[in-house]
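Scroll down for the structure; my scribbles are underneath it.
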Amino acid sequence: MSDTIQAAFYHGDRTFAVKDTQAQQPDAGEVAIRIAYCGICGTDMHVFHGNMDARVGFNRIIGHEMSGVVSAVGADVDHVTVGQKAVVRPLAHCGDCPACDAGHMHICHNLKFLGLDTDGAMQEIWTVPAYTVHTLPDDMRLDHAALIEPVAVACHDVRMAELQPGEDVLVIGGGPIGMLCAMAAREAGGKVTISEVNQARLAIAEKLGFETINPKETDPAAAINEKTGGKGADVVFEVSGTQPGVDTMTACAASRGRIVMVAIHAVKPQIDMFQFFWRELKLIGARVYEPADYEKAIALVASGAVDADTVITDVSPLADIQSAFEALDQSPTALKSLIKVGETL
């Protein structure tokens with residue numbers, strides 16, 4: 001394994017610099033992965049905008065939606081071997097807090113998110129704890145595999161919703177995670193409608209075979225009631241992160257409906273608590289994912305239940321990371337942008 005690699009460092013002020021650095025050799029219990037692709041997620045855009053400078057600092061390699069090939073393993077690692085295709089579940093737990101003691105390591109009180117609290121995947125070789133590594137089918141395309149992390153988010157959301165086949169589902173917000181939630185919910189047997197205001201995203205949703213609502217043109221509650229015979233949606237995923245989305249989630253939920261809060265709301269929203277009383281609604285938080293969600297995501301991508309070619313809207317080389325972030329920041333049509341970090345074969 002070469003000692004010198006290329007990496008993209010975030011330096012603050014919406015600036016990345018690609019430069020040489022030293023690859024970290026894997027210690028005992030660690031795995032080194034030669035990165036093929038790394039996706040740009042919403043959190044990465046928050047970093048780009050400077051909203052997370054206090055957390056990530058000004059010399060951080062970010063990125064966590066990745067795929068690659070195992071290039072080296074440390075001692076005491078026996079579930080992966082050199083040459084296997086792999087992805088990383090980028091959560092490092094403490095193992096010594098009430099959440100970890102209860103078996104909820106993914107919401108550890110001292111959770112470190114790899115690629116934010118540590119250096120991440122926007123580098124040619126990334127060394128991580130072995131327990132975070134999931135191996136992939138040999139025939140899986142590595143660009144498609146870079147979607148597994150966000151697909152795992154969607155799989156966790158659907159699992160938390162306890163979605164049953166035949167239930168009516170409303171996804172509020174047709175961005176990357178909303179679209180993946182819709183695909184995961186459909187695979188679970190849900191009858192899915194997507195509510196979205198962006199015309200380009202509505203067109204993508206319709207291309208993917210989903211019924212859609214544009215709240216600028218149609219009242220979502222009226223549309224869902226018409227579709228469901230006045231019942232409402234059994235499961236609602238709030239993925240917009242907006243006050244109108246929060247208003248819609250309670251207006252559209254069926255009696256004893258389950259609402260899954262997927263989005264991160266930067267401003268505390270106003271919630272219609274009367275509807276929770278009146279219709280006996282449930283509000284479910286869903287933060288990241290657990291190992292089972294990763295395995296489910298791998299299966300969905302491998303089976304084609306996730307239309308990866310439609311979700312991936314552009315790919316840029318690592319050398320062009322600055323322009324890739326700038327373009328994504330201005331694009332009204334992009335879903336998932338990937339950075340091609342390096343060659344793996």
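Here are some notes:
- On the stretch given as segment 223-235, residues that are touching a Ser or Thr at 6+ places or on another chain (Cβ under 8 Å) and surrounded by 24 or more Cβ atoms within 10 Å (Cβ to Cβ) total 2.
- When segment 46-75 is filtered for residues that are buried (at least 16 other Cβ atoms within 10 Å of the Cβ), under 20 Å from the mean Cα position of the chain (by Cα) and outside any strand (DSSP E or B), the ones remaining, listed by number, are His46, Val47, Phe48, Met52, Val56, Ile61, Ile62, Gly63, His64.
- Complete set of residues in segment 29-45 that are surrounded by fewer than 24 Cβ atoms within 10 Å (Cβ to Cβ) and in a helix (DSSP H, G or I): Gly42, Thr43, Met45
- Just one residue in the set Gly209, Gly241, Gly285 is crowded, with 19+ Cβ neighbours inside 10 Å and not aromatic (Phe, Trp, Tyr); that residue is Gly241.
- Within segment 256-282, the set of residues being touching a strand residue (DSSP E or B) at 6+ places or on another chain (Cβ under 8 Å) and aromatic (Phe, Trp, Tyr) comprises Phe276 only.
- Just one residue in the set Asp307, Asp293 is within 17 Å of the chain's Cα centre (by Cα), farther than 30 Å from Ser255 by Cα and among the acidic types (Asp, Glu); that residue is Asp307.
- Scan of segment 136-175 for residues that are part of a helix (DSSP H, G or I), touching a strand residue (DSSP E or B) at 6+ places or on another chain (Cβ under 6 Å) and either hydrophobic (A, V, I, L, M, F, W, C) or on the phi > 0 side of the Ramachandran plot (or both), ordered by number: Leu142, Ala145, Ile148, Met160, Ala161
- Residue, farthest from the chain's Cα centre (by Cα), within segment 316-345, restricted to residues that are surrounded by fewer than 20 Cβ atoms within 10 Å (Cβ to Cβ) and small (Gly, Ala, Ser): Ala319
- Condition met for Met122 (touching a Leu at 6+ places or on another chain (Cβ under 9 Å) and of a type outside the set (Asp, Glu)): yes
- Among the residues of this structure, Asp78 counts as one that is modelled with pLDDT under 95, out of contact with any strand residue (DSSP E or B) (no Cβ under 8 Å at 6 or more places or on another chain) and part of a loop (DSSP other than H, G, I, E, B).
- The criterion of at least 3 residues that are closer than 28 Å to Pro220 by Cα and touching a helix residue (DSSP H, G or I) at 6+ places or on another chain (Cβ under 7 Å) is met, among strands (runs of 3 or more DSSP E) falling completely within segment 237-345, by 253-261.
Each row is one residue, and each column tells you yes or no for (1) assigned by TED's automatic domain parsing to the domain that holds Arg14; (2) aliphatic (A, V, I, L, M); (3) out of contact with any Asp or Glu (no Cβ under 9 Å at 6 or more places or on another chain).
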{"position": "Gly39", "(1), (2), (3)": "yes, no, no"}
{"position": "Phe48", "(1), (2), (3)": "yes, no, no"}
{"position": "Arg55", "(1), (2), (3)": "yes, no, no"}
{"position": "Gly74", "(1), (2), (3)": "yes, no, no"}
{"position": "Val88", "(1), (2), (3)": "yes, yes, no"}
{"position": "Leu114", "(1), (2), (3)": "yes, yes, yes"}
{"position": "Asp117", "(1), (2), (3)": "yes, no, yes"}
{"position": "Arg141", "(1), (2), (3)": "yes, no, yes"}
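- When Ala327, Ala308, Ala286 are checked against the criterion of being small (Gly, Ala, Ser) and free of Cβ contacts under 8 Å to residues at least 60 places away in the same chain, a single residue qualifies: Ala327.
The values are calculated or read from the model by the stated rules, or taken from the named source; none is laboratory data. Small disclaimer: the values here were computed from a predicted structure and weren't measured. Glycine gets a Cβ as well: all are built from the backbone with ideal geometry, and neighbour counts include every protein chain shown.
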